[in-house]
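One structure is given here, and the rest of the page talks about it.
The values are calculated or read from the model by the stated rules, or taken from the named source; none is laboratory data. All figures in this text were calculated on a predicted structure; none of them were measured in a lab. Every residue, glycine as well, gets a Cβ built from its backbone with ideal geometry; the counts of neighbours run over all protein chains shown. Side chains included, ligands, DNA and RNA excluded: accessible areas come from the protein's heavy atoms. Shrake-Rupley method; radii C 1.70, N 1.55, O 1.52, S 1.80 Å.
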Amino acid sequence: MPVAAQDELNVYASAEARFETAAQKLHLEEGLYRFMKHPDKEITVYIPVALDSGRLEVFTGYRVLHSQVRGPGKGGIRFAPDVTLDEVRALAAWMTWKCAVVNVPFGGAKGGVICDPGKLSKSELERVTRRYTASLCDWFGPERDIPAPDIGTDEQTMAWVMDTYAMHVRHATTAVVTGKPLELGGSHGRKEATGRGLMMCCDKALRKLGMEAENCRVIVQGFGNVGSQAALLMHQAGYRIIGIADIHGAIFNENGVDIPKLYDWVYNQRKPLPDSPLAGERTTPHEILFRPCDILVPAATENQITAQNAHRLQCRILCEGANGPTTSHADPIIAKKGIFVIPDILANAGGVTVSYFEWVQDRQGFFWREREVNEHLQDIMEHSFDQVVRYAEAHAVDNRIAAYILAIDRVARALKLRGFYA
Ligand code: NAD
């Protein structure tokens with residue numbers, strides 16, 4: 001029986017519900033179940049920061065280390081006004097399962113600071129980042145817990161994290177963060193990796209369903225790191241992006257939106273997405289999800305597809321770019337509609353996969369060409385996709401629960417081999 005979260009919009013409850021459904025299917029031993037359900041440790045830090053005005057503000061930050069069973073914790077840092085500890089817990093657990101799905105040797109972690117990066121100056125953001133990092137210097141480390149960018153943070157944020165850590169440990173340690181600028185030990189292909197991984201999964205799904213990429217109609221919600229890169233790469237590969245949205249609004253055009261021009265408008269000219277002169281109907285970033293299309297890519301934020309609206313979806317494939325865009329209550333409705341779901345812990349795993357390559361390159365001090373990065377990424381994404389689909393067929397479950405089963409099984413095996421200390 002699938003388990004449903006009590007509070008549909010609590011992402012931690014949603015993550016737990018999927019974990020429990022998969023654990024039941026797997027007949028996971030009670031002790032292992034209890035161990036894997038809870039995070040290893042979590043911390044709240046209060047970050048005093050002098051604002052540019054001279055006023056002292058105290059921000060609240062979190063870091064949750066969900067699992068180190070298969071390797072050091074790995075997970076992004078989110079800067080957003082609505083960050084909660086439960087959200088960070090859910091994201092940390094998803095990182096554990098995601099790293100296990102693609103079989104990279106990391107556990108799961110996540111961090112966040114309650115702040116609005118749009119309202120802070122660059123120097124204020126730098127001080128928030130540095131003080132947050134300083135508070136967590138004993139947690140972070142290439143062998144312990146390795147942050148990366150997430151919503152509201154970027155390459156520059158990671159450069160500040162790396163520098164602050166380096167000042168504390170007294171030597172440059174590039175492998176302490178991923179998603180860094182190339183000049184500081186970043187990896188070629190990291191910026192595009194999550195979007196590229198999404199496209200690789202869509203390519204595989206199309207082959208499985210006997211469909212063609214050429215002119216395949218795609219709607220992408222979110223035009224940040226993940227959504228913009230996915231849209232650019234898919235546009236380049238012949239997919240037709242008929243709908244695209246960011247928080248300010250959405251453009252819908254059945255003939256296709258010119259994504260490179262839109263990218264230039266938003267990122268070079270720094271203008272609001274819906275004000276672009278590109279042809280197309282304007283609609284809301286929420287309504288765009290329910291227009292007819294072949295592939296829907298929610299790549300913005302959580303809880304977009306719920307029990308209240310899932311019946312309105314008109315896509316053939318749902319490829320989850322964001323973490324947790326679909327609630328556990330929506331899962332059975334989507335299954336009934338026969339939509340092929342590529343769940344977040346598989347679909348958006350391209351980012352952490354290339355983060356793993358970045359960590360490997362930093363530790364070796366030897367850097368790969370972009371072609372090599374993309375080839376390795378393709379091997380991992382395609383293999384992981386096949387494994388998830390095989391598990392779904394073998395266990396008679398949907399792709400999401402199959403991905404959880406695959407992941408939990410891998411972590412449980414590692415745990416049993418390691419045994420329990422003391
Ligand atoms: P980002 O901050 O770069 O971009 C977020 C985008 O979503 C922006 O375009 C924003 O305007 C838009 N947005 C926010 N709320 C929205 C709403 N309600 N409706 C429509 N659009 C909205 O963040 P990102 O790094 O692209 O991350 C997006 C999602 O992907 C998050 O769930 C994140 O956890 C997940 N993710 C990111 C990565 C990565 O490598 N950056 C990897 C895996 C998963």
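For the range 232-297, a/c is not less than 1.5, where a ≥ b ≥ c are the root eigenvalues of the C-alpha gyration tensor, and a/b does not top b/c. That puts it in the oblate class.
Protection proxy ranking, highest mean first, for peptides 207-214, 233-240: 233-240, 207-214, where packing is the per-residue count of other beta-carbon atoms within 10 Å, averaged. Across the range 1-101, C-alpha contacts under 8 Å between residues 6 or more apart give a mean separation that, scaled by the residue count, equals a relative contact order of 26 percent. A 1.4 Å probe run over the chain, with the rest of the protein chains in place, finds 41 Å² accessible per residue. Need one word for the range 251-377: rounded, prolate or oblate. Basis is the Cα gyration tensor (sqrt eigenvalues a ≥ b ≥ c); a/c below 1.5 gives rounded, then a/b vs b/c decides. Cα axes put the range 251-377 in the oblate bin. All alpha carbon pair distances within the range 161-223 were sorted into 5 Å bins beginning at 0; the resulting P(r) in whole percents reads 4, 14, 17, 14, 11, 10, 10, 8, 6, 4, 2, 0.
Which residue, Asn303, Asn215, Asn323, tops the fluctuation ranking in a GNM of the chain built on C-alpha contacts under 10 Å? The residue with the greatest mean-square fluctuation here is Asn215.
Heavy-atom surface analysis with a 1.4 Å probe gives the chain a carbon and sulfur content of 51 percent of its accessible area.
Extension gain, Asn309 to Glu183, is 40.9 nm, computed as 0.36 nm per intervening residue step minus the present C-alpha separation.
Across the range 314-335, the residues whose backbone nitrogen lies under 16 Å from the label position 7 Å along the beta-carbon direction of Met211 are 314-321, 334-335. Taken one residue at a time, the phi angles of the range 374-390 give Karplus couplings (6.51, -1.76, 1.60, θ = phi - 60°) of 5, 5, 5, 4, 4, 4, 5, 5, 5, 5, 5, 4, 4, 5, 4, 5, 5 Hz. Gly and Pro are set to x. Summarising the amide proton neighbourhood of Thr60: residues at separation of 5 or more, or on other chains, whose placed amide H is nearer than 5 Å comprise Ile47, Ile114. At full extension, Thr44 and Ala134 could sit 31.1 nm farther apart than now, given 0.36 nm per residue minus the alpha carbon distance.
For the chain, the equivalent ellipsoid built from the Cα gyration tensor has semi-axes of 30, 28, 21 Å, listed from largest to smallest.
Report the number of Lys pairs in the range 24-126 whose alpha-carbons are under 20 Å apart, with separation of 8 or more residues or on distinct chains. Total qualifying Lys-Lys pairs in the range 24-126 comes to 11. Taking the chain as a Gaussian network of alpha-carbon nodes connected by springs under 10 Å, the highest mean-square fluctuation of the residues Leu289, Leu85, Leu26 belongs to Leu26. Under the combined filter of DSSP loop state and at most 15 neighbouring Cβ atoms within 10 Å, the range 29-81 retains these GluC sites (Glu not before Pro): Glu29.
Couplings 3J(HN,Hα) for the range 209-220, derived from phi with the Karplus relation 6.51 cos²θ - 1.76 cosθ + 1.60 (θ = phi - 60°), are 8, x, 10, 10, 5, 4, 6, 5, 7, 10, 10, 10 Hz, where x marks Gly and Pro. For the range 303-338, the residues whose amide N sits under 14 Å from a probe point set 7 Å from the Cα of Asp82 along the beta carbon direction are 303-306, 323-327. Each part reduced to its alpha carbon centroid, the range 311-349 and the range 396-411 end up 15 Å apart. The spacing between the range 212-231 and the range 277-301, judged by their C-alpha centroids, is 10 Å. DSSP finds beta bridges in the chain, and of those with both partners inside it, around 50 percent are antiparallel. Gaussian network model of the chain, Cα springs within a sub-10 Å range: biggest mean-square fluctuation belongs to which of Tyr62, Tyr46, Tyr12? Of the options given, Tyr46 has the highest mean-square fluctuation.
Tell me whether the range 1-52 comes out rounded, prolate or oblate; compute the Cα gyration tensor, take square roots of the eigenvalues as a ≥ b ≥ c, and use a/c under 1.5 as the rounded threshold.
Values: a/c = 5.41, a/b = 2.05, b/c = 2.64.
In terms of gyration-tensor shape, oblate.
Gyration tensor analysis over the Cα atoms of the range 355-422 returns equivalent ellipsoid semi-axes of 28, 22, 7 Å (largest first, whole Å). Here r is the Cβ-Cβ distance between Glu29 and Ala394 and R0 is 30 Å; the resulting FRET efficiency, rounded to 0.05, is 0.90. Distances between placed amide hydrogens fall under 5 Å for Gly76 paired with Gly111, Ala148, all partners being 5 or more residues away or on another chain. Most tightly packed first, judged by the mean number of other beta-carbon atoms within 10 Å of their residues, the peptides 172-185, 87-100, 367-380 read 87-100, 172-185, 367-380. With 21 Å as the cut-off, how large is the P(r) tail for the range 1-112, expressed as percent of Cα-Cα pairs? Taking all Cα-Cα pairs of the range 1-112, the fraction more than 21 Å apart is 43 percent. Using a 7 Å offset from Cα along Cα-Cβ at Thr284, what residues in the range 220-250 end up with backbone N under 19 Å from the label point? Hits in the range 220-250 for Thr284 at 19 Å: 220-223, 243-250.
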